[in-house]
1. Would you say SER206 is touching a residue at least 12 places away in the same chain (Cβ under 8 Å), of a type in the set (S, T, N, Q) and either buried (at least 21 other Cβ atoms within 10 Å of the Cβ) or not in a helix (DSSP H, G or I) (or both)?
2. Select from segment 1-47 the residues that are closer than 17 Å to GLN104 by Cβ and in a helix (DSSP H, G or I) and list them in ascending order.
3. Can you name the condition, by its number, that GLY15 falls short on among (1) of a type in the set (Gly, Ala, Ser); (2) more than 20 Å from the chain's Cα centre (by Cα); (3) within 23 Å of LYS295 (Cβ to Cβ)?
4. So in segment 109-153, with the set limited to residues that are of a type in the set (A, V, I, L, M) and surrounded by fewer than 19 Cβ atoms within 10 Å (Cβ to Cβ), which one is nearest to the chain's Cα centre (by Cα)?
5. If we keep just the residues of segment 159-182 that are surrounded by fewer than 20 Cβ atoms within 10 Å (Cβ to Cβ) and part of a helix (DSSP H, G or I), which is farthest from the chain's Cα centre (by Cα)?
6. Please work out which residue is farthest from TYR352 (Cα to Cα), limiting yourself to segment 217-244 and to residues that are touching a Lys or Arg at 6+ places or on another chain (Cβ under 9 Å) and part of a helix (DSSP H, G or I).
7. Is it the case that segment 316-335 has a residue that's within 27 Å of CYS25 (Cα to Cα), within 15 Å of the chain's Cα centre (by Cα) and outside the structural domain of ARG228 (by TED's automatic domain parsing)?
8. Can you list the helices (runs of 4 or more DSSP H) found entirely within segment 55-140 that contain at least 2 residues being out of contact with any helix residue (DSSP H, G or I) (no Cβ under 9 Å at 6 or more places or on another chain) and in the same structural domain as VAL171 (by TED's automatic domain parsing)?
Amino acid sequence: MKATFHFHVLIKPFGPVCNLSCDYCYYLGKKDLFPKQEQFRMTEETLDLFTRQYIEAQPPGTTEVNFAWQGGEPTLMGIDFYKRAITLQKRYIRPGMQISNAIQTNGIHLDDEWGQFLHDNQFLVGISIDGPEELHDHYRKDRHGQGSFRKVMHGIELLKRHSCQWNTLTVIHKYNSHHPEKIYRFLKRVGSTFLQFIPLIEKQNSGGVTDRSVVPYAFGRFLFDVFRLWLRRDIGSIFVQQFDVLLGMIMKEPISSLCVYARSCGQNTILEHNGDLFSCDHFVFPEHRLGNIMKIPLIKMMDSEKQKSFGNSKHNSLPENCKECGYLSMCHGGCPAHRNVFVNNNVPGLNYLCDGYKYFLKGALPKFQAMARALDAYKPASEYKHFMPTQRKK
């Protein structure tokens with residue numbers, strides 16, 4: 001049985017186990033979902049079954065299947081596990097298909113053997129780093145409470161030495177959100193050409209968010225300040241995920257490549273080490289467990305009414321504020337995990353980051369639209385200034 005839609009599964013072969021103890025990590029606590037004596041390690045049987053089902057379930061015409069490995073810390077599985085994964089991928093691949101692999105890591109466990117393996121097998125390596133040392137080490141600490149920056153930088157230098165493909169993922173929180181220029185210039189300086197910025201939003205049981213959480217306006221201001229720096233000389237040489245996605249949406253790409261900005265969600269699930277499939281990486285809770293691939297075929301869970309309802313609820317539960325907003329087509333209400341966080345407003349279903357999104361889009365959208373017009377005219381996006389609306393003289 002094959003899917004009638006494109007979908008993606010994020011794989012966590014070592015579960016929530018990690019060699020760091022970052023203050024804001026939401027996934028370390030997921031150990032409580034599994035028996036205390038359980039080994040957090042994906043078995044070869046589970047890996048084999050998932051690989052076969054994942055490839056077989058892809059819709060007709062699929063040319064590339066991406067395997068994305070995350071954690072916890074996925075490198076703790078060891079290289080032999082990933083060698084076996086590649087062997088299985090080659091066994092089950094269909095004619096006309098290509099396989100790609102991506103791994104998100106803190107970089108601390110990397111050595112020359114890893115570097116050679118990742119290069120030889122063309123893995124895209126995502127490095128988690130929150131800026132220069134004083135910003136990164138504020139929350140990203142090891143189990144002894146020590147900063148991890150220097151070890152992460154060692155991992156980056158190793159990847160560069162082995163000519164690996166790599167990019168960066170930076171969590172934006174209350175502490176580092178006030179330093180967009182420092183972070184952007186640092187990431188450029190270390191050689192990152194593809195940047196991802198993820199907002200930290202931690203809900204509290206008592207309501208509201210933790211003190212670590214980024215302030216909505218500050219996140220919007222951070223993105224806009226980075227956008228202005230990027231505009232000066234980096235269009236076409238530095239790629240920022242949010243910018244690429246928004247430009248694609250203006251260019252009328254059929255589906256946003258970032259689920260946060262898509263009209264609906266549900267096509268991006270996560271597979272835990274034991275074969276459990278959950279609706280989303282931000283919804284790894286018992287009520288969002290779809291089943292286990294050892295008992296239920298992957299495609300059956302992806303196509304289940306439970307998952308369809310989860311995906312459609314993003315749009316169906318939009319508050320009136322969103323439906324009447326001129327930016328709805330750009331954000332579609334944002335990530336459902338960031339809704340119903342009551343801070344500074346009391347609108348049920350409104351995204352916590354709404355004010356930040358509006359601030360960023362108000363300043364950036366006209367320039368994105370000009371870039372789209374430039375590309376439509378077969379000109380580079382960097383020539384957007386020639387496609388800005390003519391200002392009428394008063």
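The values are calculated or read from the model by the stated rules, or taken from the named source; none is laboratory data. Remember, it's a predicted structure, so these values are computed and weren't measured experimentally. In this analysis, Cβ positions are derived from the backbone assuming ideal geometry, glycine residues included, and neighbour counts consider all displayed protein chains.
1. no
2. Of everything in segment 1-47, those that are closer than 17 Å to GLN104 by Cβ and in a helix (DSSP H, G or I) turn out to be LEU28, LYS30.
3. It fails just one condition, (2).
4. LEU124
5. Out of the qualifying residues, it is ARG161.
6. LEU231
7. yes
8. 79-92, 112-120
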